[in-house]
1. Can you give me the long-range amide H partners of G27? Hydrogens built in the peptide plane at 1.01 Å from N, cutoff under 5 Å, separation of 5 or more residues or another chain.
2. From the residues S54, A97, I70, which one has its Cα farthest along the dipole of the chain in the positive direction, the dipole being from +1 and -1 charges on Cβ of Lys/Arg and Asp/Glu about the Cα centre?
3. Hey, if we sort V31, V5 by accessible area with the 1.4 Å probe, largest down, what's the order?
4. Within 13 Å, Cβ to Cβ, of N101, how many net charges do the neighbouring residues add up to if Lys/Arg are +1 and Asp/Glu are -1?
5. On a full-extension model of 0.36 nm per residue, what is the gain between N85 and R72, subtracting their alpha-carbon distance, rounded to one decimal in nm?
6. Return the loop-located trypsin sites (Lys or Arg not before Pro) in region 3-47 (DSSP other than H, G, I, E, B) with at most 11 other Cβ atoms within 10 Å of their own Cβ; answer none if there are none.
7. Quick one: 3J(HN,Hα) in Hz for region 74-87, Karplus 6.51/-1.76/1.60 with θ = phi - 60°, rounded, Gly and Pro as x.
Amino acid sequence: QVQLVESGGGLVQAGGSLTLSCAASGGTSSVYAMGWFRLAPGKEREFVAAISWSIPATYYADSVKGRFTISRGNAENTVLLQMNNLEPEDTAVYYCAADLNTIATIDYEYDYWGQGTQVTVSS
């Protein structure tokens, strides 16, 4: 079992920045990759970014490329999502997820999920 806890969400004006953090605990030695997804009202859950813990690989959705950066935090078993130049369209609940087998951009590939953290971008 892997437990995931997100933090860092909040309210920010358009053009501003936020950094989300995801702390993993439990069976973290089994984790191959971590990802961020988001769910906005009336929309399907959307892939945002992913990072492998085993190989130097990261993936981004086209909608956030150049604005968001996923990285491993200084604290052990943490993943960060640095979000710059935020837009109202980025408003959503952001979820951290762990994949035990691969680095994926599809939500059903992931094995464990956090509870989510709300990000609201005002215009």
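The values are calculated or read from the model by the stated rules, or taken from the named source; none is laboratory data. Remember, predicted model here, so these are calculated numbers, not experimental data. Note: ideal-geometry Cβ built from the backbone for every residue, glycine included; neighbour counts use all protein chains shown. For accessibility, only protein heavy atoms count, side chains too; no ligands or nucleic acids. Shrake-Rupley method; radii C 1.70, N 1.55, O 1.52, S 1.80 Å.
1. Counting only residues 5 or more places away or on other chains, the set is V2, Q3.
2. Going by the Cα projections, it comes out as I70.
3. Correct descending sequence by accessible area is V5, V31.
4. Result for the neighbourhood of N101: -3.
5. 2.6 nm is the gain from fully extending N85 to R72.
6. Taking region 3-47 and a limit of 11 other Cβ atoms within 10 Å, the loop trypsin sites (Lys or Arg not before Pro) found are K43.
7. Values, residue by residue: 5, 6, 4, 6, 10, 10, 10, 10, 7, 10, 10, 6, 5, 10 Hz.
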